[in-house]
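Worksheet: the structure to be examined is printed underneath.
Values in this text are rule-based calculations from the coordinates and carry no lab data. As the structure is a computational prediction, the values presented were derived from the model and not from experiment. Cβ sites come from the backbone with ideal geometry, for glycine too, and all protein chains shown count toward neighbours.
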Amino acid sequence: MGNKMLFFGLSCILLAYYTYMPIPENLEEPWKVRFIDILTKITTLMATLLEYTGLMKFEDLFFIITKTQYIGPISDENLTVIDTDFSNIPVRLYLPKRKSERQRPAVIYIHGGAFATGSFKMLPYDFVNRMTASRLDAVVVAPDYRLAPQDQFPAALEDCIVVVKFFLQDKVLEKYGVDPAHICIAGDSSGGALAGSVTQLLQDDPEYRNKIKAQALIYPGLQAVDTWMPSYREYENGPFLSRKLAIRLSILYFTEEKEAIDAVLRNEHMPEGSRDFFKFVNWSRFLPEKYKKNHVYREPVLGKLSTFFPVLLDRRLSPLLVSDSQLQKLPLTYVITCEHDILRDDGFIYVTRLRNAGVPVTHEHIEDAIHGAISFVAAPMYLHSGLRIMDKYISWLQENL
Ligand SMILES: *[C@@H]1O[C@H](CO)[C@@H](O)[C@H](O)[C@H]1NC(C)=O
Ligand SMILES: *[C@@H]1O[C@H](CO)[C@@H](O)[C@H](O)[C@H]1NC(C)=O
């Protein structure tokens, strides 16, 4: 009991410390962001306490909170919205009602949530997909893939691939009036990772090559090799997504082993003999000078984990782990990065590498936004930057899809 009291006391001190953290300069709506940040930190603390007392697992509280944002499929004057499944994977479909002479473009949108939470049913995702379908006069398909830790790598990716392949069948495209030459795969955060992986895997599959016209990646996480890039250092404590929270949730995609979590936090998780993989994510080569600031590149520390996790070297987890010749094949790409985001450098590095490989890329870097901004486009919490990101994403699709 004494231990638990001490733990509780320390937690309160920690909380007070967090609450007094200065707001970064150059953030839009700093007080709202601070509020979101504090709520997230309180939730993290509560989740830690609940896990410590054995009441529930750390990730459960986050799952419960996202679940409170679920809404059903609601059709409106412009769209028919239905929940159904493609090959037993749940999907929400947004189908424009207006009669159309031409076939419509389509977007497959893969939601984020660190592989452990999230759903197309969440109000913000529903809103983004609704706006996309309505403004673009497009069919939008939003899959709900299996989540960690119940279903680990590559379950989420496999589900997304099943949905995409099901949708790409001629008879299905025809049924929904979709133009097979105008299909985009999109996603945010861990959904951006999945979108990136799906696009790569389809391009490498002779049966599906060139069936995807474009990919749109919104602040994607694209690697698990180096968790100490400049953005991971600068935004270690948030706002909103701290490095520790991101790692604790997303690692569940492949392990619940405590030793592995600690190793990833220390950035000493890669196995012996994996130095060669670092060339794909080496920020000292690929990050624009402006963002390197005075950070010093450190050689990787390898072989500290007693368990070997082959997934760490798997490009289906880290789309950055492919050679330039594999990148060359990729379609037109849109990347949004946010400045106040540990995943900023993942996005920047992918942009640099894709451009070096000759892939046409539009990159928007939003200097005054946080990770997850697009999840704050619906009540009760609005961020202007979230609405701006949604607008930019839809406008890009209007011009390019
Ligand atoms: C339906 O589309 C019209 C025209 O684009 C738009 O003005 C209206 O707001 C849309 N309705 C909804 C519910 O989104
Ligand atoms: C990373 O790139 C720098 C040059 O910018 C180089 O000196 C270093 O050896 C590289 N490290 C790895 C692990 O590839």
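Expected output is a single nm value to one decimal: the length gained when fully extending between Asp137 and Ser75, i.e. 0.36 nm times separation in residues minus the C-alpha distance. What is it?
Computed gain between Asp137 and Ser75 is 20.9 nm.
Can you divide the C-alpha Rg of segment 172-247 by 2.2 N^0.38 Å and report the result to two decimal places?
On the way: Rg = 16.4 Å, N = 76, 2.2 N^0.38 = 11.4 Å.
Against the empirical 2.2 N^0.38 Å value, I get 1.44 for segment 172-247.
Percent antiparallel among DSSP beta bridges with both residues in segment 1-142, to the nearest 5? Can you show the working numbers first?
Values: 12 of 15 bridges.
For segment 1-142, the DSSP antiparallel bridge percentage is about 80.
How large is the convex hull of the C-alpha atoms of segment 281-401 per residue, in Å³? Kindly include the intermediate steps, with their values, before the conclusion.
Working: hull volume 18.8 nm³, N = 121.
Value for segment 281-401: 155 Å³ per residue.
Sum -39500 (n - 2.57) across every DSSP H segment of at least 4 residues in the chain, then divide by the residue count to get the 222 nm mean residue ellipticity, nearest 500.
Details: 15 runs with 161 residues, N = 401.
Only helices count here, giving -12000 deg cm²/dmol.
Pull up the DSSP beta bridges for the chain and report the antiparallel fraction as a percent, rounded to 5.
Working: 15 of 41 bridges.
Rounded to the nearest five, the antiparallel share is 35 percent.
So in segment 84-172, what percent of DSSP beta bridges are antiparallel if you round to the nearest 5?
Approximately 70 percent, going by the DSSP bridge assignments.
Which value in Å does the Kirkwood hydrodynamic radius of the chain take, with 1/r averaged over all unlike C-alpha pairs and then inverted?
In the chain this quantity evaluates to 21.6 Å.
Enter the Cα centre distance for the pair segment 235-300 and segment 346-365, rounded to the nearest angstrom.
20
Could you run the Debye sum over the Cα atoms of segment 348-389, one equal point scatterer each and no solvent, and tell me log10 of I(q)/I(0) at q = 0.21, 0.27 Å⁻¹, two decimals?
After summing over all Cα pairs, the log10 values are -0.70, -0.85.
If you wrap a convex hull around the Cα atoms of segment 203-329, how much volume per residue is inside, in Å³?
Convex hull of Cα atoms, per residue: 140 Å³.
Build a GNM of the chain with springs between Cα atoms under 10 Å: which of Ile374, Ile42, Ile389 gets the top mean-square fluctuation?
It is Ile42.
Which of Ala195, Gln169, Pro239 sits farthest toward the positive end of the charge dipole of segment 149-266, with +1 on the Cβ of Lys and Arg and -1 on the Cβ of Asp and Glu?
Pro239
Gaussian network model of the chain, Cα springs within a sub-10 Å range: biggest mean-square fluctuation belongs to which of Thr255, Thr48, Thr68?
Looking only at Thr255, Thr48, Thr68, the largest GNM fluctuation is found for Thr68.
From zero outward in steps of 5 Å, how is the percent of C-alpha pairs of segment 61-146 spread across the bins?
Pairs per bin, as whole percents: 3, 16, 26, 24, 17, 9, 4, 2, 0, 0.
Filter the GluC sites (Glu not before Pro) in segment 203-247 to those in DSSP coil with at most 11 other Cβ atoms within 10 Å of their Cβ, and list the result.
Passing both the DSSP loop test and the Cβ count: Glu207.
If you take the beta carbon distance between Asn282 and Ser100 as r and set R0 to 51 Å, what does 1/(1 + (r/R0)^6) give as a FRET efficiency, to the nearest 0.05?
It comes out at approximately 0.60.
Toward the positive end of the charge dipole of the chain, about the Cα centre and with charges on Cβ (Lys, Arg +1; Asp, Glu -1), which of Val140, Leu49, Tyr125 goes farthest?
With unit charges placed on the Cβ atoms, the residue in question is Val140.
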